[in-house]
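First the structure, in the form of structure tokens, and then the observations on it.
The values are calculated or read from the model by the stated rules, or taken from the named source; none is laboratory data. The structure presented is a predicted model; accordingly, all values stated were derived computationally and were not measured. FYI the Cβ positions are ideal-geometry reconstructions off the backbone, even for glycines, and counts take in every protein chain you see.
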């Protein structure tokens, strides 16, 4: 098991190019299953989750390779419709392959996915929607078999009880090659869904309304290949901005998705950081001590504050002047990183969905374990601001979502090494 060893207390300064978005890349890779041809993806991040998705595609009979930051996928000779449990368990978001495989092959067999332990992620909403689109579903000892008796799904009018990102993606993926029109009410509005839809439209899909609460998909007979550039990663951007806010200094984020990051940036500005955004760049400078955020920070579906940015901002606010309060409304078990921050000297009290952070003057180094992707990143944020040396274990979680994590931090003047 590898560790990150971080020595804190150094101000960060410099500029970095924001990586391609993990949460766009994975559904787009799944969407490539629907294409009878070759797709080239630019700005494809080198992440363990991306490699896991590539292994799923190759297992199904697609040709998938990642060279540098370019992904090449050819699904024209796809033969498989079953994902083995060992591949499903590699990443939490592997469930998105269900809609694409079902849409292309008319059947799909899989198990419940693995990945970060963020509490249960029920797929009942996914399965209920696919059933309305014509799927027959059987659960046999943890293996779920979906089959379209007529070989092709049909359109349907669907209303989601919650704007689930995964369910919205799976429905769209199944609907693109369906017979007729599918309408999704109370759809998720996340920018990554819009990115997937832009990719699908580049391949010939007919999708309207993405980014709004009602999405309409008119099924087509087939899709063609394309070249596509993946959007920047807004959560990686939030992480590096939080690091600079916590440790002090200044940062220029290049290739930033300014509009998509606004829900996070608007909160971060309340800490007293100077932030300027223009021309796909975000500039942040922190002078004195951070200030606590006065209003409760509630994680909500987009365009609300993103749940994936909750942990990294909390780590920065651990040394802010005053008291900040978070309310986690998306995932259970999303405060698992707080034990590590408390071990480093943070004053955090968790009460159900709420976490109260009373800012302390300083944090200190400690030996801690990453609990999940964003929790591990939060520990690195805290470590860069802390006095002394912190050793973070189980960094495979961090590698799932951050490309060349230690190289980026080193380029900004931080002290970090992998061992």
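What tally of residues in the range 39-52 results from selecting those that are touching a residue at least 24 places away in the same chain (Cβ under 8 Å) and in contact with a strand residue (DSSP E or B) (Cβ under 8 Å, 6 or more places away or on another chain)?
So the count comes out to 9.
Which of the residues spanning the range 373-401 are in a strand (DSSP E or B), over 26 Å from the mean Cα position of the chain (by Cα) and closer than 20 Å to residue 419 by Cβ?
Of everything in the range 373-401, just one residue is in a strand (DSSP E or B), over 26 Å from the mean Cα position of the chain (by Cα) and closer than 20 Å to residue 419 by Cβ, namely 389.
Output the residues belonging to the range 241-259 that are in a helix (DSSP H, G or I) and surrounded by fewer than 24 Cβ atoms within 10 Å (Cβ to Cβ).
Once the filter is applied, which keeps residues that are in a helix (DSSP H, G or I) and surrounded by fewer than 24 Cβ atoms within 10 Å (Cβ to Cβ), the range 241-259 yields 258, 259.
Return yes when residue 159 is modelled with pLDDT of 95 or more, surrounded by fewer than 19 Cβ atoms within 10 Å (Cβ to Cβ), outside the structural domain of residue 301 (by TED's automatic domain parsing) and more than 30 Å from residue 19 (Cα to Cα) and no when it is not.
Taking the combined requirement at face value, the residue satisfies it.
For residue 376, all conditions in the list (1) under 21 Å from residue 166 (Cβ atoms); (2) buried (at least 24 other Cβ atoms within 10 Å of the Cβ) hold save one; what is the number of the exception?
The one condition residue 376 does not meet is (1).
Kindly indicate the residue of the range 173-204 that is more than 28 Å from residue 330 (Cβ to Cβ) and touching a residue at least 40 places away in the same chain (Cβ under 8 Å) and also surrounded by the fewest Cβ atoms within 10 Å (Cβ to Cβ) among those meeting that condition.
In this case the residue turns out to be 179.
Could you tell me whether any residue of the range 211-227 is touching a strand residue (DSSP E or B) at 6+ places or on another chain (Cβ under 6 Å) and assigned to a helix (DSSP H, G or I)?
Checked against the condition, which is being touching a strand residue (DSSP E or B) at 6+ places or on another chain (Cβ under 6 Å) and assigned to a helix (DSSP H, G or I), the range 211-227 yields no hits at all.
For the range 260-372, list the strands (runs of 3 or more DSSP E) that sit wholly inside it and hold at least 1 residues that are under 23 Å from residue 12 (Cβ atoms) and not assigned by TED's automatic domain parsing to the domain that holds residue 195; which are they?
Per the criteria, 274-278, 281-286, 323-327, 354-358, 367-369.
Out of curiosity, is residue 248 in contact with a strand residue (DSSP E or B) (Cβ under 9 Å, 6 or more places away or on another chain), free of Cβ contacts under 8 Å to residues at least 40 places away in the same chain, in the same structural domain as residue 324 (by TED's automatic domain parsing) and closer than 22 Å to residue 360 by Cβ?
No; evaluated as a whole, the condition is false for this residue.
Yes/no matrix, rows are residues, columns are (1) modelled with pLDDT under 95; (2) surrounded by fewer than 20 Cβ atoms within 10 Å (Cβ to Cβ):
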| site | (1), (2) |
| --- | --- |
| 93 | yes, no |
| 114 | yes, yes |
| 127 | yes, yes |
| 133 | no, no |
| 137 | yes, yes |
| 141 | yes, yes |
| 151 | yes, yes |
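Among the listed residues 56, 78, 16, 66, identify the single one that is touching a residue at least 12 places away in the same chain (Cβ under 8 Å) and either within 17 Å of residue 198 (Cα to Cα) or touching a strand residue (DSSP E or B) at 6+ places or on another chain (Cβ under 7 Å) (or both).
Unique residue meeting the criteria: 16.
I'd like the full set of residues that are farther than 16 Å from residue 153 by Cβ and assigned to a loop (DSSP other than H, G, I, E, B), limited to the range 190-210.
Correct list: 190, 203, 204, 209, 210.
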